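The values are calculated or read from the model by the stated rules, or taken from the named source; none is laboratory data. Given the structure is predicted, the values throughout are model-derived calculations rather than measurements. Cβ sites come from the backbone with ideal geometry, for glycine too, and all protein chains shown count toward neighbours. For accessibility, only protein heavy atoms count, side chains too; no ligands or nucleic acids. Shrake-Rupley method; radii C 1.70, N 1.55, O 1.52, S 1.80 Å.
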Amino acid sequence: MTTPNKPTDGSKNQAPHLDYYPHWLDNLADDVILQGNFANGEVLGKEKVEKLLGFARSIYAFQDFRFYGKRGELFLEDYRSRIRGSEIYRPDGIEIYNFVVVYFNEAGETSQLVMNHRPQSAALLFSSLLAKHFGDEFGSDLFYDGDVSHRLLKHDLSRGQWPPSSPR
């Protein structure tokens, strides 16, 4: 079950091709922190996090959710995707999986995001695409800007059937 995209004033939805829109993105705290294995450090602040996530979502060809929804005080997302344009590495593209943990402050605003992309080779490719798009805008060493070799990208986590999304 997905929710249709709903563009907002708070962030530019650069991924209208995706069925799901993360509404927690519309309520970022001014001092929100984004951490993940795609970055060598943190992205700090509402404007930077909105900008980065808006573009990052546009890199996904789709989002196939195993789960998204609230669990206790947290909001969780578990999904797979394919990196757009990655067919140059492999004919069927490079799949990437992500587990997102969203934390809220006492005012109910999104205060921290932790994103764990996998496998490592896909996370490095994802990071390198962010580096190409943003350059040094977020700092010169935040993203991986090296080459992602074909040798690394042969690893794939798909194990056949991905379970259908579960109801919230």
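Quick rundown of the values:
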| quantity | calculated |
| --- | --- |
| Enumeration of residues in the range 125-138 that are at negative phi and either basic (Lys, Arg) or free of Cβ contacts under 8 Å to residues at least 60 places away in the same chain (or both) | Leu125, Ser128, Ala131, Lys132, Asp136, Glu137 |
| Counted residues, the range 44-76 - those being aliphatic (A, V, I, L, M) and open to solvent by less than 40 Å² (accessible area, probe 1.4 Å) | 6 |
| Search result, residues across the range 77-93 that are part of a strand (DSSP E or B) and either touching a Phe, Trp or Tyr at 6+ places or on another chain (Cβ under 6 Å) or open to solvent by less than 10 Å² (accessible area, probe 1.4 Å) (or both) | Glu77, Asp78, Tyr79, Arg80, Ser81, Ile83 |
| Any hit, the range 81-88, residues being within 11 Å of the chain's Cα centre (by Cα) and either in contact (Cβ under 8 Å) with a residue 40 or more places away in the chain or farther than 20 Å from Leu28 by Cβ (or both) | yes |
| Flag if Ile96 is among the β-branched types (Val, Ile, Thr), in a strand (DSSP E or B) and surrounded by fewer than 20 Cβ atoms within 10 Å (Cβ to Cβ) | no |
| Qualifying residue in the range 26-43 (condition: part of a strand (DSSP E or B), of a type in the set (Asp, Glu) and surrounded by 20 or more Cβ atoms within 10 Å (Cβ to Cβ)) | no |
